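Reviewing the structure listed below.
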Amino acid sequence: MKILGIETSCDETGVCLIETKETKEGVILTILGNQLYSQVEKHKEFGGVFPMLAKREHAKNLVPLLEACLKESNLWTPFHTLDKAGWHSDDKVIEEKIKEILFREGELFNELITLLKTIKKPDIEAIAVTNGPGLEPALWVGVVFAKALNQAWNIPLIPTNHMEGHIFAATLQKLETETSNPESKQNSKSYILNPIKHPAVALLISGGHTQLVLIKDNLNYEIIGNTKDDAVGEAYDKVARMMNLPYPGGKIISDLATKEQAEFPNKKTTYPLPRPMIRSGDLNFSFSGLKTAVLYTLKKIPVITDEIKQEIALEFERAVLEVLTSKVSQAIEEYNPQTLIIGGGVSANSKIRTSLEKICQKYNITFLVPEVSASTDNALMIAVAGFVNILAGKIANTDFKANGNLSL
Ligand code: KG4
Ligand code: ZN
């Protein structure tokens, strides 16, 4: 089955085409085309994501990314007027319907119509599109784009939860392909879909979310822990900003912390920070207090040198790590899961991965973690989550809207 995934919930525009095959060994998934445009450079001057700019950038990039993805997938077939299976350039009714769907997006409409009149309907069985949670204007443009494609090609639509995407990104296990020529050991784009053993607990950590989710059964979720204020990625980004470091700050802070740890392995910090809610007894989080504690610490320092930034970065990351590992251990003790899953941009963090892997070894449970490139937002995870929903019998529909607050 070929599924197109579309992701526009934040500042990454993603279009991905996967092909799935059910085999005796399980589901094999191959990436046919995977296009991602990061708007990070555009948002840098704002020190964070600016929603209307994100929406404009998505609108500008969706058609070129779709074109690139179809070409990469070998599904770009120029249209012949005699081919009745394709888009009919004279089909005014469909064109009018697409115009209605994209009524606020004149430029996107023009670009899409040109593309539709150029090629034959690609051989795709479903289109999965993120309908939330995220920045509503950004989500909206992806949703209307997918609805326009549905109208043009009559391909079923699967509205897909972004957080579910982060969960299923962790189920992809790369298949190593050996070629006859050992020199050219190919970088395989095929994966086996690791089935999740239930119950499972997922730690979803991104710029917008910090959640512990109990997955009782396939696609059956209960939020067992949530942040009361800032998300952990947001705290990384804000702390970076306070120290005049560029957006997004997660990787930068983490690299500084690694450097400090290597240079001064036994140093007791000069700038102790709190571990918010670590002993709250529940599974909730709070990162706003930690961020504010960094702010007050910085205010007391007359000259903030690179050395000081490095030292604060390490103490900040230690605080984050201690809180996350403590809450995950608590969730494991309470819910006795068979699997721990992590996902979301912050799960790219190598120290978080290593610490959680150790916890899984201690409790003897399976640890599912996405490839680093699939931790941050992408359309592959949306296509995969869409596929799992189709397998579970979710009925495709077009009667849905972008919902910035969509929950699992
Ligand atoms: O999932 P994501 O791409 O977008 C949202 O849905 O929010 O997550 C982006 C977040 C940013 O806050 C970024 O700073 C953080 O993930 N991040 C990291 C690392 N890489 C990205 N945080 C800590 N360590 C990293 N290595
Ligand atoms: Zn995300």
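The values are calculated or read from the model by the stated rules, or taken from the named source; none is laboratory data. Note that the structure is predicted; figures quoted are calculated from it, not measured. Don't worry about glycine lacking a Cβ; one is built from the backbone with ideal geometry, like all the others, and counts go over all protein chains shown.
Observations
- Residues that are in a loop (DSSP other than H, G, I, E, B), farther than 18 Å from LEU391 by Cα and modelled with pLDDT of 95 or more occur at least once in region 180-201.
- Number of positions in region 114-150 that are polar (S, T, N, Q) and in contact (Cβ under 8 Å) with a residue 60 or more places away in the chain: 3
- Filtered residue count, region 255-278, keeping only those that are within 24 Å of LYS300 (Cβ to Cβ) and polar (S, T, N, Q): 3
- Condition check for ILE332: modelled with pLDDT of 95 or more, away from ligand 1 (no atom under 16 Å from the Cβ) and crowded, with 17+ Cβ neighbours inside 10 Å: yes
- In summary, LEU408 fulfils each of the numbered conditions (1) among the hydrophobic types (A, V, I, L, M, F, W, C); (2) within 16 Å of ligand 1 (Cβ to nearest atom); (3) part of a helix (DSSP H, G or I) with the single exception of condition (3).
- Single residue of region 245-302 satisfying the filter (in contact (Cβ under 8 Å) with a residue 24 or more places away in the chain, among the polar types (S, T, N, Q) and not in a helix (DSSP H, G or I)) that is surrounded by the most Cβ atoms within 10 Å (Cβ to Cβ): SER286
- Selected residue (only one of LEU273, LEU283, LEU214 is away from ligand 2 (no atom under 16 Å from the Cβ) and in contact with a Ser or Thr (Cβ under 8 Å, 6 or more places away or on another chain)): LEU273
- Look at region 338-354: where a residue is within 16 Å of ligand 2 (Cβ to nearest atom) and a partner is acidic (Asp, Glu) and not in a strand (DSSP E or B), sitting 6+ places away or on another chain with Cβ atoms under 8 Å, you get GLY345/ASP377.
- Residue within region 219-242 that is over 24 Å from LYS358 (Cβ atoms), more than 26 Å from the chain's Cα centre (by Cα) and either part of a helix (DSSP H, G or I) or away from ligand 2 (no atom under 16 Å from the Cβ) (or both) present: no
Rundown of residues vs (1) within 22 Å of GLY134 (Cβ to Cβ); (2) at pLDDT 95 or above, yes/no style:
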position	(1), (2)
GLN338	no, yes
LEU368	no, yes
LEU380	yes, yes
ALA383	yes, yes
ASN397	yes, no
ASN405	yes, yes
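- Qualifying residues in region 9-29 (those that are closer than 14 Å to LEU193 by Cβ and of a type in the set (Asp, Glu)) - the one surrounded by the most Cβ atoms within 10 Å (Cβ to Cβ): GLU19
- Screening LEU135 against (1) more than 21 Å from the chain's Cα centre (by Cα); (2) surrounded by 15 or more Cβ atoms within 10 Å (Cβ to Cβ); (3) at pLDDT 95 or above leaves a single unmet condition, (1).
- Contacts under 6 angstrom Cβ, first residue in region 306-326 being within 15 Å of GLY250 (Cα to Cα) and in the same structural domain as SER350 (by TED's automatic domain parsing), partner surrounded by fewer than 18 Cβ atoms within 10 Å (Cβ to Cβ) and of a type in the set (S, T, N, Q), 6 or more apart: LEU314/GLN261; GLU315/THR269; LEU321/SER355
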